[in-house]
Structure formats: C-alpha cells, structure tokens
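Undergrad: Just dropping this structure here.
The values are calculated or read from the model by the stated rules, or taken from the named source; none is laboratory data. All values reported here derive from a predicted model rather than from experimental measurement. Here the Cβ is made from the backbone with ideal geometry for all residues, glycine too, and neighbour counts use every protein chain on show. Heavy atoms of the whole protein, side chains included, go into the accessibility calculation; ligands, DNA and RNA do not. Shrake-Rupley method; radii C 1.70, N 1.55, O 1.52, S 1.80 Å.
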Amino acid sequence: MRRLARVFLAAGVVIGTGTVGFRVILDESWLNAFYRTVVTATLNGLDSPPHGTAGRLWTVVLVLAGVTIFAYVGAVVVEAIAGGVLTGAWAEKRRRKTIEQQHDHFIICGYGRVGQRIASEFRQSGAPYVVIDFTSEALEAARESDELLVEGNATDDDDLERAGIARARGLVAASDSDSDNLYITLSARAANPNLLIVARASDEDAEKKLRLAGADRVVLPYATAGRVMANLTLKPQVAAFLNVVTTADGPDLRFEEIEITASCVQADKSIGELHVRARTGASIIAVRHRGGEFDTRPSAETTLHVGDVVVGVGTDAEIRALEDLFAPSQAVGR
C-alpha cells in the first residue's frame, strides 16, 4: 500500500508540474496544458510537437518522468508476483519435506469441526499429525492454523501416501460422509495393516460396516454426545471430572496406555512384584489383556504378559517413570 501511494503521489506531482510548465512555457489554456501533459507523461505521444526549444525540452523531461514512473510500477508488480510465487512454492516444498520426515504420526482425514477439535487435542498433547482435506473452508482453516496439510481427498490412495500412511501410527477418519469414511478405512487398512484406525459414523449401521472395513474404534458423535449429556445430568461431578482429566489441556494428571512388548524385561511379572506405585508414583487402574478382555480392578497379584496393555494414571513425571519402567530393554539400554 505504501509503494502504491508513492506511485500515485509521483504521478500527481508530474501531471501537476507538467500542466503548469506547459501553461507557462507555451501559453496554452489549462485544459490543453493538462491534456498535453497526460499524453506526454503516459508515453502516448502528442497530437503536435510543441513549438520552441523550451517546450520541447519540457516534453523530454515529462517523458523521462513518465518512463521512470512506469518502470517503478513494473518493478513493484514483478516483485509482488515473483515474491508471492517463490514464497508460496518454498513454503509448499518445506511442508512436503516435513511431512516426508514424519514417523509414528497420526493422519486426520477431514478438517471440519470434528477434525479441527481432534487437531487441537493432538496439538495440546504434542502428538505429531498431518491433515488431509480438499474443501475450501477446511483448507483456509488449516492454513490459518499452520497445519501440516495435504491438499487432497483421503479416499485417494495417492493422497494417503503423500500423508505418510505407511509410516503413520494412527488415522482418524473424521469426514462428515459415512461412505467417505468407509473408503478411507478400507484404503488405510490395505496400505498399513498395523495402523490404528478410529472412524466417525452417523449411525449403528455405518458403525458395523466400518468395523468390517477394518476400523479399530468407531465413534458415533450423536450417541456420544447423548451419553455425555445424560451423565452430566445424572452424575455431574463424575462426568465433569472425567472430562477434565481426559482432555489434553487438563490439569497435571493424565491417563496413558502402555503395551507390554516381548522385549520388556518386566513381562510376566505381577504388579505387586514390580512395586509400581512405589517406583513411579503412578497407579495402574486397568489392564487390557491380549485376548481383549479388560481387568478394571487389577490387584497386586495381576500378572502382566506380553501383549497386555496397561492403563496408568498420574502426573506427567509419574507417567514418564511408568513408561520407563515398561520400556523395551533396548530402549532402556540407550
């Protein structure tokens, strides 16, 4: 805007000065002097050359002034276009390179209201993620939030590959369309059999199909909202507490799940033998056994086997200590 104002100011000065000059030098009317100045400064030529040396020299001055102004305008335009193109191309190249370096990240397919909320939770918890969407509203919102964005359709295998599906840890199919989420789930499961897939469904029929397609978890927003609202009515304090401690920006208390791997030296030991609370400060509140059943009240005698998933609760420091306790042996040795 500042450069544009300078151009208009310079043009006004040239036209005003030129008009006065021709008026004085050639003794023409103000209208003729103004006309002669405009056609001279804009390099359109003259109907007739001015008489006398002074008039011709003044014409040369105005021509040079006009050339200078047009050259300046051209430079500003070229700089603006080239700068925008180069900056945009550089930013896009940097974004692609960052996405290509992602490992064990999450992919959010659909950046609507649900997808944006998921991204906010991931961002608060420090989890790496990539967003895929193609709608203009979603793209604008993603760029405003400076997301790692793949502009495309998650139902397309090539776009999933661009988001690093083979290297990803999990995927969220958060599209508003059940059919799109079904295609996304099928494609993602085929591309990465070990991927954790969480999908959104509008009803129970869609939920069944998504599970058959390979979704590990299916969320029904309306059913979930209804359950939360009912719990807030019937058990307001319990529901409020769970809502606070399960959000990424909640207090210094969080839940974490840790899988017992084959290289974990604590495998096949009981909770009592490990003295978990004394060594870490965290508490094990549930164990999901490899067969799929949940032990929601594990005792000190509960033995942790390979494939079991421990659900712990504690502060950030306590959870880190719990993760170290069950870390694979090679990770501990590093």
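Undergrad: Would you work out the charge dipole size for the stretch 168-254 about its Cα centre, treating the Cβ of every Lys and Arg as +1 and the Cβ of every Asp and Glu as -1, and quote it to the nearest 20 debye? Intermediate results must be reported in sequence, preceding the final value.
TA: Details: 10 positive and 10 negative charges, 58 e Å.
In debye, rounded to 20, the stretch 168-254 gives about 280.
Undergrad: Excluding residues on the same chain fewer than 8 positions from residue 93, give the aspartates and glutamates whose Cα lies under 19 Å from its Cα.
TA: Of all the aspartates and glutamates, those that pass the test against residue 93 - Cα under 19 Å, at least 8 places apart if same chain - are 133, 140, 144, 146, 147, 151, 158, 159, 161.
Undergrad: Moving to a separate point now. Which of the peptides 218-231, 302-315, 177-190 is most tightly packed, and how do the rest follow, judged by the mean count of other Cβ atoms within 10 Å per residue?
TA: 177-190, 302-315, 218-231
Undergrad: Once you put a point 7 Å from the Cα of residue 103 and another 7 Å from the Cα of residue 305, both along the Cβ direction, what distance in nm separates them?
TA: The answer from the label model is 3.2 nm.
Undergrad: How do 152-161, 62-71 rank on mean C-beta neighbours within 10 Å, highest first?
TA: 152-161, 62-71
Undergrad: Can you compute the helix-only [θ] at 222 nm over the chain? Use -39500 (n - 2.57) per DSSP H run of at least 4 residues, normalise by all residues, nearest 500 deg cm²/dmol.
TA: Here the helix-only value at 222 nm equals -17500 deg cm²/dmol.
Undergrad: Between residue 212 and residue 241, what FRET efficiency follows from the Cβ-Cβ distance if R0 is 45 Å, with the result rounded to 0.05? Can you show the working numbers first?
TA: Numbers: r = 36 Å, r/R0 = 0.79.
Once the sixth-power term is evaluated, E becomes 0.80.
Undergrad: Hey, what did the chain get for relative contact order, percent, Cα under 8 Å, at least 6 apart?
TA: Reported as a whole number, the value is 10 percent.
Undergrad: Going toward the positive end of the dipole of the chain, with +1 on Lys and Arg Cβ and -1 on Asp and Glu Cβ, which of 285, 275, 53 do you reach last?
TA: The residue sitting farthest along the positive end of the dipole is 53.
Undergrad: Let me ask something additional. Enumerate the amide H contacts of residue 269 below 5 Å, restricted to partners 5 or more residues apart or on another chain; note that Pro and chain-start residues carry no placed amide H.
TA: 304
Undergrad: Now for a different question. How large a share of the accessible area of the chain, in percent, is made up of carbon and sulfur atoms when the probe is 1.4 Å and the other protein chains stay in place?
TA: Roughly 57 percent, rounded to a whole number.
Undergrad: Stretch residue 297-residue 231 to full length: gain in nm at 0.36 nm per residue minus the Cα-Cα span?
TA: Working: separation 66, 0.36 × 66 = 23.76 nm, distance 2.19 nm.
Residue separation times 0.36 nm, minus the Cα-Cα distance, leaves 21.6 nm.
Undergrad: On to the next question. Please state the charge dipole magnitude for the chain, taken about the Cα centre, from unit charges on C-beta atoms (+1 on K and R, -1 on D and E), reported in debye and rounded to the nearest 20.
TA: Values: 35 positive and 43 negative charges, 214 e Å.
For this selection, approximately 1020 debye.
Undergrad: If the chain between residue 92 and residue 35 were fully stretched, how many nm would it gain, using 0.36 nm times the residue separation less the Cα-Cα distance?
TA: Taking 0.36 nm per residue and subtracting the Cα distance, the gain is 15.6 nm.
Undergrad: Something else now. Could you compute the net charge surrounding residue 266? Neighbours are other residues with a C-beta less than 13 Å from the C-beta of residue 266; K and R count +1, D and E count -1.
TA: -4
Undergrad: Here is a follow-up. Please work out whether the stretch 130-187 counts as rounded, prolate or oblate from its C-alpha gyration tensor, where a ≥ b ≥ c are the square roots of the eigenvalues and a/c under 1.5 means rounded, while otherwise a/b larger than b/c means prolate and anything else oblate?
TA: Oblate shape, in that a/c is at least 1.5 and b/c is the bigger or equal ratio.
Undergrad: Would you list which lysines come within 20 Å of residue 269, measuring only between C-alpha atoms, while excluding same-chain residues fewer than 8 positions from it?
TA: Once the sequence-local lysines are set aside, nothing remains near residue 269.
Undergrad: Another question, then. What span do the alpha-carbon atoms of the chain cover on each of the three principal axes, reported in whole Å from largest to smallest?
TA: Here the spans come out as 113, 47, 42 Å, largest first.
Undergrad: What does the extension gain come out to for residue 286 and residue 157, with contour length at 0.36 nm per residue minus their alpha carbon separation?
TA: My answer for the length gained is 42.7 nm.
Undergrad: Given a Förster distance of 35 Å, report the FRET efficiency between residue 54 and residue 10 from their Cβ-Cβ distance, rounded to the nearest 0.05.
TA: Rounded to the nearest 0.05, the efficiency is 0.90.
Undergrad: Rounded to the nearest 0.05, what FRET efficiency is calculated for residue 140 and residue 277 with R0 set to 51 Å and r the Cβ-Cβ distance?
TA: 0.55
Undergrad: Counting DSSP beta bridges with both partners in the chain, what percentage is antiparallel, nearest 5?
TA: Among the beta bridges of the chain, antiparallel pairing accounts for roughly 45 percent.
Undergrad: Take peptides 142-148, 235-241 and line them up by average Cβ neighbours within 10 Å, highest first, as a rough protection proxy.
TA: 142-148, 235-241
Undergrad: Give me, ordered by chain and number, the residues 5 or more places off residue 129 or on other chains with an amide H under 5 Å from its own placed amide H.
TA: The answer is 106.
Undergrad: So if I place +1 on the C-beta of Lys and Arg and -1 on the C-beta of Asp and Glu, and nothing else carries charge, what would the dipole magnitude of the stretch 127-182 be about its Cα centre? I want it in debye, nearest 20.
TA: Here the size comes out at about 380 debye.
Undergrad: Additional query: Can you find, among 131, 234, 221, the residue sitting farthest towards the positive end of the charge dipole of the chain, where Lys and Arg contribute +1 and Asp and Glu -1 at Cβ?
TA: About the Cα centre, the residue reaching furthest to the positive side is 131.
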